[in-house]
Structure formats: structure tokens, C-alpha cells
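**Q** Can you read through this structure? Questions will come right after.
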Amino acid sequence: MAATPLTHPSSATLPATARPAGARRSLASRRVADLGHNYFDHLDALIARARRRHGDVIDLSKGNPDLTTPDHIVRAAQDAVGDPGNQAYPPFLAKRSVREAIAEAYLRDHGVQLDPDTQVTAFHGAHEALVALPWALLDAGETIIIPDPCYPPYLDAARLAGVEVARVALEESLGYQPDPAGLAEALGGAAMLLLNYPNNPTGAVATPRTWESVLEAAAPHGTLVVNDFAYSSLDFAHDAAYSLLSSLSSLSGDTGEGRALEISTLSKTYSMAGWRFGYAAGDAEAIAALRAYQSVAFSTIFGAVQDAAEAALRGDQDCVGRIAATYAHRRESVVAGLRRQGWHVAATPGTFFVWVRARGTGDGEALAERLLEEAHVAVAPGEGFGEQGRGWFRLSLVHDQDTLAEALRRLEEWSRAQGRSQV
Ligand SMILES: Cc1ncc(COP(=O)(O)O)c(C=O)c1O
């Protein structure tokens, strides 16, 4: 009997010419071949080459937190590693204790009531949750709206899952909030809108009006609104009342019929980027689908990491303020230093990124290459974040004050050598 080929529903939609049979058939799937280069890998290669040539390069191109994880969290993890209960396979669903801790943190920090049984699920970091979103919640061919500029993995996740992408521009003149007209146009027929406030790369934070208007616009279309809340603790614009703001807290107001989900992480809030713990919270139907996908695609999360996450979320929160204050202080001095040198810096108050216009050149990529080769400072060219990033670049603040001061000194020297008009 002839074998019946096993056909995956989404691969069945690929044209027959995509992967010719025979000896020279590509081993990469079409969806992987279409990914193109990983933006940050590419940057790393350029920086490594510059280091081989020049030795010392200050890398302000990526957002890898330099601050260490608070001691009480490390100690809780050390104890948890020795717990025999954490040495076998953990259950697929995250422990109830950590789901409860997430719900408690949401209530404490954002005034949002969540059911830990149905409205919370955990991942190995927000990145994994973001990749899961289109796979778990969209069918191939459905549309996700993604901001431009944006954190590059959003696009890769959409490409991998075979969903259509529409972009909504974030412009400086609108404070990097979504343009209402563009959004209204894109929403017709879109299954999901993914936003990110506080925003990478621009540093913009959402206003209460942002969430109200987005949820209001999305509700009639049944579009799920997702906020990537990775920088939830790094919002330096708002007073105590505002810092409660999340897309989910806006849901409970007049726009309560909307559907919303939020993706969060411990990476930045508690300086736990290497620990790989993130979570999704909100709409119960979306959470159920994410859980089903997560258990198949990524299996389980090490129990000791879950216990450490619980210790972070339930423990002393002073560390969150200390970490945020460190970035706020760095941000103030770097922004002031850049402005003194004549750079145009976006007037945005969030995250540990600074968004700067490559004045004069109109080409962030060319400028970034020159800064790397001539000033030995690596920055992330805006083009890597989308068309709207053209002519901008992003600096990250994940270095101590002395290193940031040295980077500023190098930029100043470089600018002087060029003549101010060149930058
Ligand atoms: C906007 C944004 N979302 C998500 C992530 C990923 O976070 P995690 O470390 O939890 O995977 C990052 C990391 O830099 C980010 O900038």
C-alpha cells in the first residue's frame, strides 16, 4: 500500500514549487528560509568585527540588563534548586503558587483583578509568549497589526506562523501613539493588534487615552488587543496613579467589552533576563489557547525558576524601584548629554532606550556603521525596527554611568571631528 503523505495544514498552503524534491532540496523549511537574518545576530557580527579591528567598542546596541538579580531572589532560587520536588518534570501548567503571585502582583501594581486559574499563564520569557501569539491565536492568512517601528521579533513570529502583517505607524508628532486614522483603517479584518508600551525602541509610554481609544476602536471588529508590557516598571512619566496603567486596567472602564491580553516579563523589572520567565494575562479564551500551544511547543518551565519568579513577585518590591531609579538617572544624564552635543532626542520617558535622530544623514544604518568604525560606539540603527525608524538610532542604557559617560565623550569627539552640521 502506498504511504499516505502526512500533510500539515499550513504546509499544504505552500506552492508546490517551494521545496523541489531531489538531491539538492533545501533542508530549511520555507518558513525558516523566509525569516532572513536575525537583526541582533547581524549587529553582533558587525560589533565582533569592529572589536577585532579596534579592540575597545562600547556596545549600546542591545537591551541586555547589566544590573544583577536582587539577592533575595537568587537565594530563593538556590533553595528551590535543592528541592527534590523541582527535580522531576514539572506539570505543563505553571504552578498555582506562581500564577497566584502573578495575579497578586497585577492587583498590587495595576489594580487589575485576574483569576489565576483562567487568566494567567507562564512562558520562558516574554519572547516565547510573543512567538506563541500568532501560532496559538491566529490562523494562517489572518492579519496581525504591528507597530512601525517595533521590537523586530514581532515580525519574525508573524512570518513563522504564516499570518499577514499590517503596520500602524508610530510617529514622533503623535508622541509615538498609534495614529487613529491609520489604526481605524487597519482594524477592519485584523484578528489581533499588538502594541508595546512602554515602547521599544522609541521609549514612549501609553496615556490612559491611548488604551481607551485603542480598545474602543478594536471592540466592534472583535480584534484582540495585546500589549507587550516588558518595560512595565520603566515608565518615568507618570505619577503614582498613572503607574497603575496597563492595557488591562483600561478594560475595566467604559470599554469593558473589549478583549485584551498583556505579555509581561521579569527580565527588566527584576533584572532576571537570563532566568527566562514571562507570562501572559487577560482574556481567558486567549489564555486557554496559549496554554494549549505552550504545552506542545515548549513543554514545561523548571520548577526552581517558577519558585524564583514567585519570590520576585511576592517579595520586597523596593528592588523594583531601585532598578527603575538607576535607569531613570542614566536616562537623564545621557539625554541631557546628547542634547548638549546637538543631537535630536525623542522626548519620551520610558524604558532603558533612548531614540535619537541621525540628523543630516537620513540614514540610521550608515550612521551606526560610522559610529561603530570611527567612534567605537555601537548603536542600533532605526531601520532595523521598521520603515518609520529610518534616519534614527537607538541607544540602550545598560551600562554603568562611567561607561555611558565615556560613550558620550566618544560621540562628542566624533561629532566635533565631523563638524556639527554633519550629525
Ligand atoms: C519589547 C520587548 N518585548 C519582549 C522582550 C523579551 O523579553 P524576555 O526577556 O522576557 O524574553 C524584549 C527584550 O528585549 C523587548 O524589548
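The values are calculated or read from the model by the stated rules, or taken from the named source; none is laboratory data. Remember, predicted model here, so these are calculated numbers, not experimental data. In this analysis, Cβ positions are derived from the backbone assuming ideal geometry, glycine residues included, and neighbour counts consider all displayed protein chains.
**Q** May I ask you to say which residue of V112, V168, V131 is more than 23 Å from P349 (Cα to Cα) and more than 15 Å from the ligand (Cβ to nearest atom)?
**A** Values: V168 fails: more than 23 Å from P349 (Cα to Cα); V131 fails: more than 15 Å from the ligand (Cβ to nearest atom).
Going through V112, V168, V131 in turn, just one is more than 23 Å from P349 (Cα to Cα) and more than 15 Å from the ligand (Cβ to nearest atom): V112.
**Q** Follow-up question, since we're still on this one. Working carefully through the options A309, A281, A292, A304, find the one that is in a strand (DSSP E or B), outside the structural domain of D59 (by TED's automatic domain parsing) and touching a residue at least 40 places away in the same chain (Cβ under 8 Å).
**A** None of the others qualify; the one that does is A281.
**Q** May I pose another question? Just to be sure I understand, how many residues within region 279-299 are buried (at least 17 other Cβ atoms within 10 Å of the Cβ) and out of contact with any helix residue (DSSP H, G or I) (no Cβ under 8 Å at 6 or more places or on another chain)?
**A** 3
**Q** Could you tell me whether region 156-178 includes any residue that is among the small types (G, A, S), assigned by TED's automatic domain parsing to the domain that holds P208 and free of Cβ contacts under 8 Å to residues at least 24 places away in the same chain? Lay out the reasoning, then the answer.
**A** First pass over region 156-178, keeping only residues among the small types (G, A, S): 157-158, 161-162, 166, 169, 173, 175.
Adding the requirement that they be assigned by TED's automatic domain parsing to the domain that holds P208 leaves 157-158, 161-162, 166, 169, 173, 175.
Subsequent filtering for residues that are free of Cβ contacts under 8 Å to residues at least 24 places away in the same chain retains 173.
Checking region 156-178: at least one residue is among the small types (G, A, S), assigned by TED's automatic domain parsing to the domain that holds P208 and free of Cβ contacts under 8 Å to residues at least 24 places away in the same chain.
**Q** Kindly provide the set of residues from region 182-216 that are of a type in the set (G, A, S) and more than 16 Å from the ligand (Cβ to nearest atom), ordered by number.
**A** Taking region 182-216 as the starting set, the residues that turn out to be of a type in the set (G, A, S) are 182, 184, 186, 188-191, 203-204, 206, 213.
If the condition is that a residue be of a type in the set (G, A, S) and more than 16 Å from the ligand (Cβ to nearest atom), then G182, A184, A186, G188, G189, A190, A191, S213 are the ones that fit.
**Q** Return the residues of region 74-101 that are acidic (D, E) and surrounded by 17 or more Cβ atoms within 10 Å (Cβ to Cβ); say none if nothing qualifies.
**A** Here is the first cut: in region 74-101, the ones acidic (D, E) are 79, 83, 100.
Answer for region 74-101, where residues must be acidic (D, E) and surrounded by 17 or more Cβ atoms within 10 Å (Cβ to Cβ): just E100.
**Q** So, V163, is that one at pLDDT below 95, away from the ligand (no atom under 16 Å from the Cβ) and either among the β-branched types (V, I, T) or surrounded by 22 or more Cβ atoms within 10 Å (Cβ to Cβ) (or both) or not?
**A** Judged against the criteria, V163 is not a match.
**Q** Residues in region 321-342: is at least one crowded, with 17+ Cβ neighbours inside 10 Å, within 16 Å of the ligand (Cβ to nearest atom) and either free of Cβ contacts under 8 Å to residues at least 40 places away in the same chain or farther than 30 Å from E412 by Cβ (or both)?
**A** no
**Q** Here's something else I'd like to know. If we keep just the residues of region 230-274 that are part of a loop (DSSP other than H, G, I, E, B) and β-branched (V, I, T), which is modelled with the lowest pLDDT? Spell out the reasoning first.
**A** Here is the first cut: in region 230-274, the ones part of a loop (DSSP other than H, G, I, E, B) are 230-234, 236-241, 245-246, 252-259, 266-272.
Checking which are β-branched (V, I, T) leaves us with 255, 269.
Details: T255: 45, T269: 97.
Checked region 230-274; the qualifying residue modelled with the lowest pLDDT is T255.
**Q** Oh, and also: Of all residues in region 371-392 being touching a residue at least 40 places away in the same chain (Cβ under 8 Å) and surrounded by fewer than 17 Cβ atoms within 10 Å (Cβ to Cβ), which is nearest to R52 (Cα to Cα)?
**A** E373
**Q** While we're on this one: Here's a check for you: in region 136-156, which residue that is part of a helix (DSSP H, G or I) and under 22 Å from L248 (Cα atoms) is nearest to the ligand (Cβ to nearest atom)?
**A** For region 136-156, the residue satisfying everything is Y154.
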